[in-house]
Amino acid sequence: MQFSMLVPVALGGACGAVLRHLAVMALGGPWAVAAVNVLGSFLIGLAWVALAGRDMTSALLITGLLGGFTTFSAFSLDTVKLIGAGRLAEAALYVLVSVFLSLAAVALGTTIARSLA
């Protein structure tokens, strides 16, 4: 990665992290993180197709904004917390919903973006 790409990645990442924080504050709990991951996965699918070959914009929006917005590290921590609290069934459901809906959202986003191109 070129040094010039670090500024858009950093700016996008900061904005994405703030948006994630606001979403979690508004929705609460680990399910807010799941919602953020599914939405972010859909948007990253759209952006990946729409921004192909646009390095600076891609760095800002995909790596930065959506990378900061989607939260699989927070997802993992919330899963461990649910397991630690003895909420095993909820932890398993949380993992399944987060992973499979996020994958489906990326596929849907790429399909929609390709159909619009």
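Only the coordinates and a few stated rules stand behind these numbers; no lab work does. None of these values were measured; they are calculated from a predicted model. Neighbour counts run over all protein chains shown; Cβ positions are idealised from the backbone, glycine included.
Annotations
- Folded to 0 to 90 degrees: helix 88-116 orientation relative to the chain principal axis, Cα: 20
- Arg54/Ala104 FRET efficiency (R0 25 Å; Cβ-Cβ; nearest 0.05): 0.45
- Value in Å of the Kirkwood radius, where region 3-116 supplies the Cα pairs that are averaged: 14.6
- Burial ranking of peptide ranges 80-88, 94-102, 60-68 (average Cβ count within 10 Å, highest at the top): 60-68, 94-102, 80-88
- Net charge over other residues, Cβ less than 12 angstrom from the Cβ of Ala91 (K, R count +1; D, E count -1): 0
- For the chain, the longest principal axis of the C-alpha atoms and the axis of helix 72-84 are separated by about 0°.
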